[in-house]
Amino acid sequence: MKPLHIHERSGYIVLYEPIERKLFDEYERMNEYIEELERKGKEDLKRQGYDTTHVQHRLEMDMRYGNQRVTTSVVLDINRFNHVGDVLRAIRTFSDVYAKRYGKGVEAPEAGVRVQTVRVATFIDTDVVHFKELYTNHKRTIPPAKSHRKVHFVDENEPIETPIYDESVLSADYVIHGPAIVTTKSTTYLVEKNWRIEPTPQGAVWLLKENVKAK
């Protein structure tokens, strides 16, 4: 999953006024809204420790025709409004999205086009985890234990001699069958009887229940 922050602000922006047949021309005001939201998103990512050199922004708007009560969320392919062509482009994008959702021919720009909410999604296009790699079919081996100790488990009357491992066994080449204990710098895995741990290439682990035949 890519790091993502969304910021928005409510507004009443008329892109097309039907009575006066006037298109929106307050480009500076619109761009100030957008820049404010971009700045907030970038600050959030920076505060989380991300390198903001390659931050990207996606501009979205909740739009409606005339006095409709329901708005439609529209993702735009521009991030600034600098001339009338940008306004017409936003209106066209809204009409295309509206037609796809509600049917061709129901667009009504003649009733006016209004923006209810301006939204900016700020993200970094980093490498993501490919979940198919979480499943490995290669043969795993059982690593040697660092030590053993007697451990009391629930539902067991007597302590069980249990192998103890450290974080070096959390490799996709290994499988650890319970009962076992794996200690790491951040946590401890308790693997009960009839369970096993299968580490993944990304450093996560699967904790899986063994198939136990009924006696």
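Pairs over the 30 Å Cα-Cα cut-off, from the set LYS42/LYS104; LYS22/LYS104; LYS46/LYS185; LYS42/LYS100; LYS2/LYS139: LYS42/LYS104; LYS42/LYS100; LYS2/LYS139. For a straight C-alpha distance cut-off of 12 angstrom, the aspartates and glutamates reachable from LYS40 (same-chain residues fewer than eight places away being disregarded) are GLU8. With angles folded into 0 to 90 degrees, how steeply does helix 27-47 sit against the dominant principal axis of the chain? Use alpha carbons for both and round to 10. Between helix and principal axis, roughly 10 degrees. From the P(r) of the chain, could you give the percentage of C-alpha pairs in the tail past 29 Å? I get 54 percent for the Cα pairs in the chain exceeding 29 Å. With Cβ to Cβ distances under 15 Å as the rule, what net charge do the other residues near LYS100 carry (K, R +1; D, E -1)? Around LYS100, the charge tally is +1.
Rolling a 1.4 Å probe across all protein chains gives ASP173 an accessible area of roughly 90 Å². Relative to the current alpha-carbon distance between GLU158 and ASN79, full extension at 0.36 nm per residue lengthens the span by 21.7 nm.
Put +1 on the Cβ of every Lys and Arg and -1 on every Asp and Glu Cβ in the stretch 68-215; which of VAL70, GLY112, GLY203 then has its Cα farthest towards the positive end of the dipole? My answer, from the dipole projection, is GLY112. Taking every protein chain into account, the accessible area of the chain amounts to 65 square angstrom per residue (probe 1.4 Å). Backbone phi angles across the stretch 193-203, fed through the Karplus curve with coefficients 6.51, -1.76 and 1.60 (θ = phi - 60°), yield HN-Hα couplings of 4, 6, 10, 8, 10, 10, x, 10, x, 7, x Hz in residue order; Gly and Pro are listed as x. For the stretch 141-196, with all protein chains in place and a probe radius of 1.4 Å, 47% of the accessible heavy-atom surface sits on carbon or sulfur. Summing Cβ point charges (Lys, Arg +1; Asp, Glu -1) relative to the Cα centre of the chain gives a dipole of roughly 600 debye. For the options GLN116, GLN56, GLN48, a Gaussian network treatment of the chain with springs between C-alpha atoms closer than 10 Å singles out GLN48 as fluctuating the most. Dipole of the chain computed with +1 at Lys/Arg Cβ and -1 at Asp/Glu Cβ about the Cα centre; of PHE123, THR184, TYR27, farthest Cα towards the positive end is THR184. Rounded to the nearest 20 debye, the dipole magnitude of the stretch 176-215 is 160 debye, with +1 charges on Lys and Arg beta carbons, -1 on Asp and Glu beta carbons, and the Cα centre as origin.
The mean sequence distance of close C-alpha pairs (under 8 Å, at least 6 residues apart), as a share of the length of the stretch 1-145, puts its relative contact order at 41 percent. Distances between placed amide hydrogens fall under 5 Å for THR117 paired with GLY11, ASP62, all partners being 5 or more residues away or on another chain. Using R0 = 45 Å, the C-beta based FRET efficiency linking GLN68 and GLN48 works out to 0.75.
To the nearest ten degrees, helix 84-102 and the longest principal axis of the Cα atoms of the chain are 60 degrees apart. Residue-wise HN-Hα couplings along the stretch 68-79, as the Karplus relation 6.51 cos²θ - 1.76 cosθ + 1.60 with θ = phi - 60° gives them from phi, are 4, 8, 9, 9, 10, 7, 10, 8, 9, 9, 10, 10 Hz; Gly and Pro carry x.
The values are calculated or read from the model by the stated rules, or taken from the named source; none is laboratory data. Not measured: the values here are computed from a predicted model. Counting neighbours? That spans all protein chains shown, and the Cβs are built from the backbone with ideal geometry, glycine included. Just the protein is used for accessible areas: all its heavy atoms, side chains included, with ligands, DNA and RNA removed. Shrake-Rupley method; radii C 1.70, N 1.55, O 1.52, S 1.80 Å.
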